[in-house]
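The values are calculated or read from the model by the stated rules, or taken from the named source; none is laboratory data. Only a predicted model underlies this, so the values are computations on that prediction, with no experimental measurement involved. Counting neighbours? That spans all protein chains shown, and the Cβs are built from the backbone with ideal geometry, glycine included. These area figures cover heavy atoms from the full protein model, side chains too; ligands, DNA and RNA do not enter into them. Shrake-Rupley method; radii C 1.70, N 1.55, O 1.52, S 1.80 Å.
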Protein chains: 2
Amino acid sequence: MPRSTRPGGRTARTKAVVFEAAAALVAEQGHEAIAMTDIAARAGVAATSLYRRWGDVRTLLMEVAVDRLNADSPMPNTGSLRSDLRTWARRIAAGLTAPGGSPFFRTLVATAPAPGPAATGGDMERITAFGPRLQQIAVMLDRAAARGEAAPPLMDVIDHLLAPLYMRALVGAPISAAFAHDLADRLLA
Amino acid sequence: MPRSTRPGGRTARTKAVVFEAAAALVAEQGHEAIAMTDIAARAGVAATSLYRRWGDVRTLLMEVAVDRLNADSPMPNTGSLRSDLRTWARRIAAGLTAPGGSPFFRTLVATAPAPGPAATGGDMERITAFGPRLQQIAVMLDRAAARGEAAPPLMDVIDHLLAPLYMRALVGAPISAAFAHDLADRLLA
DNA sequence: CTACAAACGCAAATAAATTTGCATTAAGGA
DNA sequence: TCCTTAATGCAAATTTATTTGCGTTTGTAG
């Protein structure tokens, strides 16, 4: 299987092997016990290079987690919001239950810098990692609104679709496709 | 304000100062950059003792986080499930928005060992830290059932009350009392 | 093809964390 | 009160992580 996304530069190449090594370690043993040294050894690159490029393990692991979580699949566009949300929720559920799915979300949470002080004004975009995902949801909702369907606010999708799924991933509760399906329906009820 | 929960033993005394020091550090700078050394210095105890008692920083921080999150307030018992859930949700919201509230949940998530492999069977009890809380909810639901009220399953409370609240805490989204209130109502709808 | 600069590897130096051995203190029971 | 044991402090030893200096490789522009 040819890797399309790996243009020339040596830089990109080493980044690829480093990310692969780090991701493998995260999937295998979780983020907690991983040292910069481990990743370097597994990737076959000098630890020095990792320190120079990413500074510390947390930064590197966070980038890896973001990278994995944002591996974006095209948004469903079935013609009805309900159907769109269903398949989208199922897709997220599948991603979380996949081998090494939830470890990356756990890693992101653990490595992401603490959110700002009060958090009085903004929405979820404080964690930039979720930016792309939120954009996708917004597109889906906008399309529905354009069709004349009643679309829930973005924050509702976060609270009642994303939150239960991710929370279950965090604590290791089962995440079935049926559950994702029900969440979508419940959101539109 | 006298601290009632601090019985004699030197052991308990040092544990208290260590927990206080660790909690203060977590509240101030988050869990990510805290070393065993820092806690020892702040608590005024030898780092050696901390290593001997807790082994490593993660273990200690996790215990501290659990300790804080389980500082149990008595469950509301107003006579109606709806009212109970409302006040209970608001109480959690208040705890999360309080200074240093969400950092402890973030710490727990970051330090808790990765949940078991498949997670096919069980419920949320895999993370033992939530055990007490879940017990409390179960009591509340049982009381309602005993009164003849229709009570939602425990997992629904987790998915639709706890999840949105804690998820918002994780990402730094605003958590208002009104929001908690609405979650309770929505759960019973 | 050549020259340049960024990224890299390696080894040494440094700094920090963690362990270990031993003396001391304090709690609880006889 | 005295004795026993667990917990602690302290300093030294050890390991591990991180930084630094320098020469080498490798893209890329000219």
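Could you state the angle between the C-alpha long axis of helix A:57-69 and the longest principal axis of the C-alpha atoms of chain A, as a value from 0 to 90 degrees rounded to the nearest 10?
Between helix and principal axis, roughly 40 degrees.
Determine the sum of side-chain charges near B:Leu81: Lys and Arg each +1, Asp and Glu each -1, restricted to other residues whose C-beta is under 12 angstrom from that of B:Leu81.
Neighbour charge sum, excluding B:Leu81 itself: 0.
Rounded to the nearest 0.05, what FRET efficiency do B:Ala177 and B:Glu20 give with R0 = 30 Å and r taken as the Cβ-Cβ distance? Could you check?
That gives a FRET efficiency of 0.60.
What value, in deg cm²/dmol to 500, does the helix sum -39500 (n - 2.57) over DSSP H runs of n ≥ 4 give at 222 nm once divided by the residues of chain B?
Taking each H run of at least 4 residues, the total per residue is -19000 deg cm²/dmol.
With a 1.4 Å probe, how much accessible area is buried between chains B and A, both sides summed, in Å² to the nearest hundred?
Interface between B and A: roughly 3200 Å².
Could you tell me the distance between the Cα centroids of segment B:81-115 and segment A:54-117, to the nearest Å?
About 22 Å separates the Cα centre of segment B:81-115 from the one of segment A:54-117.
If the label for B:Gln135 sits 7 angstrom from Cα along the Cα-to-Cβ line, what are its distances to the same label in every other copy, in nm to one decimal, shortest first?
Label point to label point, same position, other copies: 4.8 nm.
Along Cα-to-Cβ, 7 Å out, sits the label point; list in nm, shortest first, how far the one on B:Gly9 is from those in the other copies.
Ordered by distance, the counterparts are at 5.8 nm.
Can you give me the Kirkwood hydrodynamic radius for segment B:10-69, using every pair of distinct Cα atoms, in Å to one decimal?
11.1 Å
Quick one: label points 7 angstrom along Cα→Cβ at B:Ala47, distances to the other copies in nm, smallest first?
Sorted ascending, the copy-to-copy spacings read 1.7 nm.
What's the average, rounded to a whole number, of partner chain beta-carbon atoms within 10 Å of each residue's beta-carbon in A:172-180?
Counting Cβ atoms of other protein chains within 10 Å of each residue's Cβ and averaging gives 4.
With all protein chains present, how much of the accessible area of chain B (probe radius 1.4 Å) comes from carbon and sulfur, to the nearest whole percent?
54 percent
In peptide A:30-37, what is the residue-averaged number of other protein chain Cβ atoms found within 10 Å of each Cβ?
The per-residue average across the peptide is 2.
P(r) for the protein assembly as shown: what percent of alpha-carbon pairs falls in each 10 Å bin, starting at zero?
5, 21, 30, 26, 13, 4, 1
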